[in-house]
Amino acid sequence: MEAKSKANRKFISINLFLDENFINIFKWKQPKWDEFEYQIFKRYYAHYIEEEDRAEEFWETLKRVVEGCFSIQKEHCINLGLPWDNQNAQRSAQLMFQKMWHFKFLDPGRYMLKFSETLLKYSNSVKKCR
């Protein structure tokens with residue numbers, strides 16, 4: 001199947017959501033970091049949640065980033081007619097979340113800061129890292 005041209009592509013609201021039972025393991029907990037690292041995270045990467053008048057906690061940021069990454073991948077697969085397996089993606093997303101939680105790796109700061117569904121719909125700024 002031929003890839004669709006950029007002109008014919010449109011954003012499809014396709015999201016991968018991490019399983020709620022998995023997220024409940026991490027909800028309202030903190031990874032092993034010190035106060036300085038926590039303050040850096042809160043200052044630079046945590047989104048502000050207006051309805052709750054607070055900044056995100058680390059588990060919420062990771063959830064946002066992992067779901068954003070896998071939603072892009074899912075959209076890419078669907079746009080190009082490539083196979084997509086929700087169960088396999090869920091396992092991979094959970095593994096990514098766990099590795100990030102334990103600081104085995106982190107996405108680039110730009111992803112940590114900007115990943116959200118709204119941004120992905122209207123901007124290419126996250127995709128411009130090279």
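The values are calculated or read from the model by the stated rules, or taken from the named source; none is laboratory data. Please read these numbers as outputs of a predicted model, since none were measured by experiment. As a convention, Cβ positions derive from the backbone with ideal geometry for all residues, glycine included, and neighbour counts pool all protein chains shown.
I'm checking my understanding of the structure. Among residues of segment 27-72 that are aromatic (Phe, Trp, Tyr) and exposed (fewer than 11 other Cβ atoms within 10 Å of the Cβ), which one is nearest to Leu113 (Cα to Cα)?
The first filter runs over segment 27-72 and keeps only residues aromatic (Phe, Trp, Tyr), leaving 28, 33, 36, 38, 41, 44-45, 48, 58-59, 70.
Pick out the ones that are also exposed (fewer than 11 other Cβ atoms within 10 Å of the Cβ) and you get 28, 36, 44, 48.
Values: Trp28: 20, Phe36: 18, Tyr44: 7, Tyr48: 11 Å.
Here the residue is Tyr44.
Taking the stated definitions as given, is Ser116 at pLDDT below 95, more than 17 Å from Phe17 (Cβ to Cβ) and of a type in the set (S, T, N, Q)? Step through it out loud before you land on a result.
Details: at pLDDT below 95: yes; more than 17 Å from Phe17 (Cβ to Cβ): no; of a type in the set (S, T, N, Q): yes.
The answer is no for Ser116.
Cβ separations smaller than 6 Å between residues 6+ apart or across chains give the following pairs from segment 64-92 residues that are without any contact (Cβ under 8 Å) to a residue 60 or more places away in the chain and closer than 19 Å to Asp19 by Cβ to residues that are assigned to a helix (DSSP H, G or I) and of a type in the set (Phe, Trp, Tyr): Val65/Tyr111; Val66/Phe97.
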